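Let me begin by presenting the structure, written as structure tokens, before commenting on it.
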Amino acid sequence: MKAAIRSKYGGPDVLSIAQLPIPVPGKNEVLIKVKVATVNRTDCAILTAKPFIMRLFTGLLKPKLPSTGTDFAGIIEAVGKGVSNFATGDRVWGFHDNGLGSHSEYMVLNVRKPIVKMPEGVSFIDAAASAEGSHYALNFLNKVSIHSDHRVLVNGATGAIGSAMVQLLKKDGVYVTATADTDSIDKIKRIGADRVIDYLKEDFTRDHQEYDFILDTVGKSTFEKCRPIMNKKAVYISSELGPNMQNPILALTTKNKDHRVVFPVPTDIPHSMSTMNTLLEAGKFHPLIDRRYRLDDIKEAFNYVESGEKKGNVIIVMD
């Protein structure tokens with residue numbers, strides 16, 4: 001089988017495509033033929049071990065897993081002893097923010113990992129693209145209480161997190177203002193945004209509207225910059241640590257202030273998978289898809305994601 005592997009942390013150039021034996025599932029494990037994976041911001045953090053705190057989860061001196069990849073959609077090819085909840089031929093998808101090694105044609109996973117059966121009629125591409133960004137978007141929303149009468153701004157609506165966030169908010173009837181580049185405005189309106197600010201032409205922090213929640217899904221703004229457009233008792237949430245790791249600190253120091261920061265430490269992947277499975281089955285979520293690459297071209301995929309120019313999810317197709 002082919003797999004994207006590396007033996008050290010670094011940029012996309014540390015990756016190579018290797019031919020490896022197809023693994024054999026052990027007790028409580030399943031062998032999965034990967035059909036689709038994505039390259040996402042979490043993959044980039046695992047590849048580079050930046051921020052440094054990533055090493056606490058992925059290996060202090062070198063990567064624990066030789067292959068990259070945090071999400072997948074595929075088919076179970078074989079099951080190990082003791083596996084009763086999956087069978088050969090099941091269409092499954094999954095995600096783990098510490099990495100699964102899914103940038104490979106086959107992989108073995110313990111059934112305790114967040115793996116779920118795909119709903120009928122959902123494509124492998126849509127399933128894989130509904131994992132990473134949606135999980136982080138749900139963790140934003142699970143940390144606060146947003147109602148239909150709130151005004152919400154989503155900064156970075158063209159990303160995997162931001163595009164998922166827009167759809168999840170609109171499902172609950174929330175009025176959403178989003179930021180996007182000129183070429184993506186119509187696309188973001190199609191997934192539900194009520195109003196889109198072109199960040200290439202306008203500074204959203206000088207908007208005439210005030211907001212109850214500012215959801216910075218790309219981490220490119222700051223709490224201080226956003227305060228002029230925050231209502232009293234408004235909340236700023238960012239997907240990033242912020243300059244000098246300020247966002248986790250501000251989450252503690254602003255807890256009882258008029259304007260406060262919430263830092264969404266991501267938790268409960270199984271709940272996110274279950275939620276997204278329900279939405280996919282009901283046809284109420286449609287992930288934003290950007291470029292598609294073959295596994296052989298995975299370096300190009302990582303370079304594109306690291307450029308910050310992606311519009312939605314970047315797909316790796318194995319077949």
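Laboratory data are not the source of any read-out in this text; all were calculated from the coordinates shown. Keep in mind the model is a prediction, meaning the values are calculated, not measured. Neighbour counts are summed over all protein chains in view; Cβ atoms, including those assigned to glycine, are modelled from backbone coordinates with ideal geometry.
A few comments on the model shown:
- Pro66 sits among other residues whose Cβ lies under 11 Å from its own Cβ, and their net charge, with Lys and Arg +1 and Asp and Glu -1, is +4.
- Separation of region 1-77 and region 140-171, taken as the distance between their Cα centroids, equals 29 angstrom.
- Antiparallel DSSP beta bridges within the chain, as percent of all bridges there, nearest 5: 55
- Each residue of region 257-265 is assigned a 3J(HN,Hα), and the resulting list reads 8, 4, 10, 9, 10, 10, 9, x, 4 Hz, derived from the Karplus form 6.51 cos²θ - 1.76 cosθ + 1.60 (θ = phi - 60°), x at Gly and Pro.
- Region 144-262: C-alpha gyration tensor shape, a/c 1.5 cut-off, then a/b vs b/c: prolate
- Value of relative contact order over the chain, rounded to a whole percent, pairs C-alpha under 8 Å and six or more apart: 19
- For peptides 108-120, 32-44, 253-265, sequence by mean Cβ density within 10 Å, most packed first: 32-44, 108-120, 253-265
- Packing-based exposure ordering (other Cβ within 10 Å, fewest first) of Ser272, Ser163, Ser148, Ser238: Ser148, Ser272, Ser238, Ser163
- Likely footprinting exposure, Lys189, Lys310, fewest C-beta neighbours within 10 Å first: Lys189, Lys310
- Inter-label distance, Lys143 to Glu77: 3.9 nm, where each label sits 7 Å from its Cα along the C-beta direction.
- The H on the amide N of Gly159, modeled in the peptide plane, is under 5 Å from the matching H of Gly312, each at least 5 residues off or on a different chain.
- Cross-link pairs exceeding 29 Å in C-alpha to C-alpha distance, out of Lys81/Lys143; Lys35/Lys299; Lys27/Lys299; Lys2/Lys284, comprise Lys81/Lys143; Lys27/Lys299; Lys2/Lys284.
- Cα gyration tensor, region 74-170 - rounded (a/c under 1.5), prolate or oblate: prolate
- Among the lysines of region 144-262, pairs at least eight places apart or on separate chains and with Cα atoms under 17 Å apart come to 10.
- Options Pro287, Ala87, Ala193, ranked by Cα towards positive dipole end of the chain, top entry (Cβ charges): Ala87
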